[in-house]
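Written out below as C-alpha cells is the structure these notes cover.
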Amino acid sequence: MGRWIFWLVLLMIGGAAVSVWRGWLEVPPQWNPWAPLDVKAAPNWLTGYKLMRLRSDPELCAQALSSSDLRVTRQSDSRDAKCPLIGALRVQGGEAALSSSFLASCPLAVAYAMFEHHTLQPAAQSVYGQKVTRLDHLGSFACRNVYNRESGALSRHASADALDIAGFRLADGRNISVLKDWPKQNQHAQFLRQVRDGACEVFSVVLSPDYNAAHRNHFHVDVGRWSVCR
C-alpha cells in the first residue's frame, strides 16, 4: 500500500510540474522554475536553479539582468584562442559605485546584482545602519591558469566568470578591508562574515581568507560549475 501511495504522489508532482511548464497551471513567477529570474525578488529554494539556467541561455540571462539596476555595456566579442570572451559585459556600477568597472560574463553580472541587492546592502544596514557606497575589487577577467601556474586548469577569471572583492566604503566614509579587518574581532569583521556567508547564496564559489593565504586580502566569487563556500 505504501508503495502505491508513493507512486501516486510522484505522479501528482510530475503532473503539476508539466502543467506549470506548459502554462496550464498558473503560479507566481518566483515559484515557477521556468519563469525568468527577477533579480529583485526575494531568493528562495528555486533561485539556485534559475541562476544555473543562465549559464547556457544568453537570452534568459539578459532578461534576468534587465530586472536589476546594474549599469552595464556590452563588449565586442573576443576570439582569443586561449581565453575567448563571447557576450561579455562591462559592469560600471549598481546600487554602490565601483573602484573601477570590470568585465563580467552575463551570469556573473546577474549574480553580482543579486549579491549587492540581497546581501551587501542589507548586511550594511543591519550592522551599521547605512549603505555601502563603493565596492573595491582587484579585478575580474585575467587570461591565466589557477594561481598563475604555468600549466593546469584555466582560472574562472579567464572567462570573466569571477571577481575578487577587496573591501567596501560606507556612506559615512569609513573603509572596510578584507586584508585588515577579517582577522579582527570587531564590527567590521562581523560585517565581512555576513557578506561572505550571504555571497554563498548566489555565487557558486566563495573563497575568503578562511580558505588559504592566497585569499587573505579578498573574497573570490565566481559562477563556475563547482560549489564551495569557505
Expected 222 nm ellipticity per residue - DSSP helices of 4 or more, -39500 (n - 2.57), all of the chain, to 500:
-9000 deg cm²/dmol
Label-point separation in nm, Asp210 to Arg71, each point 7 Å along Cα→Cβ
3.5 nm
DSSP-loop GluC sites (Glu not before Pro) across the range 78-184, with at most 16 other Cβ within 10 angstrom:
Glu95, Glu150
Compute the distribution of all C-alpha to C-alpha distances in the chain, in bins of 5 Å from 0, and list the percent of pairs in each, rounded to whole numbers.
1, 7, 13, 17, 17, 15, 11, 7, 5, 4, 2, 1, 0, 0
Of the residues Ser159, Ala42, Ala111, the Cα lying farthest along the dipole of the range 26-170 towards its positive end, which is defined by charges on the beta carbon of Lys, Arg, Asp and Glu, belongs to Ser159
With a 28 Å threshold on alpha-carbon distance, the violating pairs from Lys82/Lys131; Lys131/Lys180; Lys50/Lys180 are Lys82/Lys131; Lys50/Lys180
Heavy atoms of Cys200: accessible area, 1.4 Å probe, square angstrom to 10:
30 Å²
Could you work out the relative contact order of the range 100-227, using alpha carbon pairs under 8 angstrom and six or more residues apart, expressed as a whole percent?
25 percent
Once phi is turned into θ = phi - 60°, what whole-Hz ³J(HN,Hα) does the Karplus curve with 6.51, -1.76 and 1.60 give for every residue of the range 161-169, x standing for Gly and Pro?
9, 9, 9, 10, 9, 9, x, 8, 10
Which loop chymotrypsin sites (Phe, Trp or Tyr not before Pro) in the range 28-105, with loop taken from DSSP, have no more than 15 other Cβ atoms within 10 angstrom of their Cβ?
Trp34, Trp45
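Counting only other residues whose beta carbon sits under 12 Å from that of Glu95, what net charge do I get with K and R as +1, D and E as -1?
+2
Calculate, in nm to one decimal, what Gln130 and Arg149 gain on full extension: separation in residues at 0.36 nm each, minus their alpha carbon distance.
Extending this stretch completely gives an extra 2.7 nm.
The values are calculated or read from the model by the stated rules, or taken from the named source; none is laboratory data. These numbers were taken from a predicted model, which means no experiment stands behind them. Cβ coordinates were reconstructed from backbone atoms using ideal geometry, including for glycine residues, and neighbour counts include every protein chain displayed. For accessibility, only protein heavy atoms count, side chains too; no ligands or nucleic acids. Shrake-Rupley method; radii C 1.70, N 1.55, O 1.52, S 1.80 Å.
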